[in-house]
Amino acid sequence: MYTKDKIHSLINEVPLLEDIMNLKPVVWLNPNKKSEAEMPSFPIKGEEIFEAEKLWDRFAPFFVKVFPETQSSNGTIESPLKEISNMKSVLNQESPKIIGRMMLKCDNALPIAGSIKARGGFYEVLHYAEELALHSGILNKTDDYSIFASDKFKEFFSRYKIGVGSTGNLGLSIGIISASLGFQVTVYVSSDAKEWKKNLLRKKGATVIEFGGDFSEAILAGRQKTNADPMGYFVDDENSNELYLGYAVGALRLARQLKDQNISVDKDHPLFVYSPCGVGGSPGGTAFGLKHLFGDNVHCFFVEPTHSPAVLTALATGEMSNISVQDIGIDNKTEADGLAVGQASNFATNISNHLISGMYTIEDDHLFTLLAQLMDSENIFLEPSATAGLIGPQMIAQTDYAKKNHLNMKNATHIAWATGGDLVPKEERKRFYEQGKSELAL
Ligand SMILES: *Cc1c(COP(=O)(O)O)cnc(C)c1O
């Protein structure tokens, strides 16, 4: 479908595509972004985020009971928002300087799953479990949901099967939450999936099935096998309403944290959010929630590895989820396994097209140096994927974005969304850190 001629004509329309194909780090400002006043309607409504948060509230007693680490937060799955002034100083050794406040949304520290997938992945499974229980008549929405930890409920769910195709954090989050509710859960992974992740999943009670081919084949096989079973339910990362809503709730929580820390977001106090992007679901859901709350005063940017610019290619060319990075000769090989995605989510990307301010790409080496710098300056460990947002302010400062939008950058708050890290084992952490340190020494 994407012949040489077709790609040439795409490059003619979008010259930046040539740099993307040559694996150069690029910044792209989105010409299709709509202001609040001219925002089209989407297949999902802002009010649904508030409904989604209520589902989380209903399940809080279940979390307190089954996951003791959530007792201190009364069963709320949330992460801190931290100012990272030391890291800002380190970053400011390079130009352009960051103007405004620099913060980190620490989803690496989300309870149980240690990544942003605790938002989307957990939400989708909880939503499905609630629906099954309501339909069968064993549950009322007003019940105390610690009942989900009972033998009766576990036995009920043990008749149902959940499948997911993922090499990484999505598989972990779906595996852990599904097994804790009593579902039979199967995680379909590609052969290059990390050993520790497969072991952890098996330990939690999930079945792990490996496929010889690449990740998209694992998803395809998993989807077919799961959907062929009348008791099966497939969590589809490439097209899911529920994952998206789970992520969007994160925006409500962030808004409250900003308020608690007396950080204004208004015309004179712009908010910038930089989110690592795989299929585009987690950054998309987050952006959807933030735009609903803050409108034109929030500026959302996504970031991808130079070797996996799936959503950037989709948006910049306008080809959306039809085009893959392989179609333009890119290998989709990156150490940022949360971002190693060749093709954009259809559902999320059609919405992001109108919401986001832009995107940029980052080289793998840079992810590791940021990992080491953040460890040294703030004593926070992130997995490589999760560091990508840290250079957002400096990437965007190279463009005329602030000037064109008349933004008062002195009052800006920059938030790098740190998407994961806490489940990474000690030996891997050490290896990542040392890789970053040796890059820095060059
Ligand atoms: C999944 C993931 C992302 C990206 O989320 P998508 O919904 O695939 O765009 C970013 N960082 C980490 C650590 C992840 O696990």
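Of all residue pairs spaced 6 or more apart or on separate chains, those with beta-carbon atoms under 8 Å, a first member in the stretch 416-431 that is touching a residue at least 24 places away in the same chain (Cβ under 8 Å) and away from the ligand (no atom under 11 Å from the Cβ) and a second member that is in a strand (DSSP E or B) and charged (D, E, K, R) are Ala416/Lys105.
For the stretch 315-324, the set of residues classified as surrounded by fewer than 20 Cβ atoms within 10 Å (Cβ to Cβ) and assigned to a loop (DSSP other than H, G, I, E, B) consists of Gly318, Glu319, listed by residue number. Among the residues in the stretch 92-100, are any assigned to a helix (DSSP H, G or I) and assigned by TED's automatic domain parsing to the domain that holds Ala255? No. Quick check: anything in the stretch 263-275 in the same structural domain as Ile351 (by TED's automatic domain parsing) and within 13 Å of the ligand (Cβ to nearest atom)? Yes, the conditions are met somewhere in the stretch 263-275.
Look at Glu131 and say whether it is among the charged types (D, E, K, R) and under 26 Å from the mean Cα position of the chain (by Cα). Yes; evaluated as a whole, the condition is true for this residue. Only one of the listed residues (Asp236, Asp260, Asp268) is more than 16 Å from Cys300 (Cβ to Cβ), without any contact (Cβ under 8 Å) to a residue 24 or more places away in the chain and loosely packed, with under 14 Cβ neighbours inside 10 Å. That residue is Asp260. Apart from one condition, Leu252 fits all of (1) part of a helix (DSSP H, G or I); (2) in the same structural domain as Leu126 (by TED's automatic domain parsing); (3) of a type in the set (A, V, I, L, M); (4) surrounded by fewer than 23 Cβ atoms within 10 Å (Cβ to Cβ); the exception is (2).
Exactly one residue out of Ser95, Ser79, Ser85 is at pLDDT 95 or above, buried (at least 20 other Cβ atoms within 10 Å of the Cβ) and of a type in the set (S, T, N, Q), and it is Ser79. Scanning the stretch 205-233 for residues that are under 26 Å from Val66 (Cα atoms) and surrounded by fewer than 16 Cβ atoms within 10 Å (Cβ to Cβ) returns Gly205, Thr207, Met231. Checking the stretch 347-358 against the condition returns a match, with at least one residue being part of a loop (DSSP other than H, G, I, E, B) and within 13 Å of the ligand (Cβ to nearest atom). In the set (1) under 15 Å from the mean Cα position of the chain (by Cα); (2) in a helix (DSSP H, G or I); (3) more than 13 Å from the ligand (Cβ to nearest atom), Asp327 fails one condition alone, (1). Looking across the stretch 195-224, the residues that are at pLDDT below 85 and either in contact with a helix residue (DSSP H, G or I) (Cβ under 8 Å, 6 or more places away or on another chain) or of a type in the set (S, T, N, Q) (or both) come down to Phe211, Ser216. Among the conditions (1) more than 21 Å from Ser324 (Cα to Cα); (2) of a type outside the set (A, V, I, L, M, F, W, C); (3) within 16 Å of the ligand (Cβ to nearest atom), Ser166 misses just one, which is (1). Among the residues in the stretch 279-287, are any crowded, with 24+ Cβ neighbours inside 10 Å, within 30 Å of Leu55 (Cα to Cα) and more than 15 Å from the ligand (Cβ to nearest atom)? No: zero hits. Note on the stretch 124-206: enclosed helices (runs of 4 or more DSSP H) holding 3 or more residues that are basic (Lys, Arg) are 195-203.
Checked against (1) surrounded by 11 or more Cβ atoms within 10 Å (Cβ to Cβ); (2) assigned by TED's automatic domain parsing to the domain that holds Asn322; (3) touching a residue at least 60 places away in the same chain (Cβ under 8 Å), Glu18 passes all but condition (3). Selection of helices (runs of 4 or more DSSP H) fully inside the stretch 1-85 by the criterion of at least 3 residues being in contact with a helix residue (DSSP H, G or I) (Cβ under 6 Å, 6 or more places away or on another chain) and among the aromatic types (Phe, Trp, Tyr) returns 47-66. For the stretch 279-309, name all the residues that are within 15 Å of the chain's Cα centre (by Cα) and part of a loop (DSSP other than H, G, I, E, B). Hits for the stretch 279-309 are Val279, Gly280, Ser308, Pro309. Taken over the stretch 334-349, residues that are touching a residue at least 40 places away in the same chain (Cβ under 8 Å) and either surrounded by fewer than 20 Cβ atoms within 10 Å (Cβ to Cβ) or of a type outside the set (A, V, I, L, M) (or both) amount to 9.
When we screen Leu382, Leu312 for residues that are outside the structural domain of Gly168 (by TED's automatic domain parsing), assigned to a helix (DSSP H, G or I), buried (at least 23 other Cβ atoms within 10 Å of the Cβ) and in contact (Cβ under 8 Å) with a residue 24 or more places away in the chain, the only hit is Leu312.
The values are calculated or read from the model by the stated rules, or taken from the named source; none is laboratory data. Here the structure is a predicted model, which means the values were calculated and not measured. FYI the Cβ positions are ideal-geometry reconstructions off the backbone, even for glycines, and counts take in every protein chain you see.
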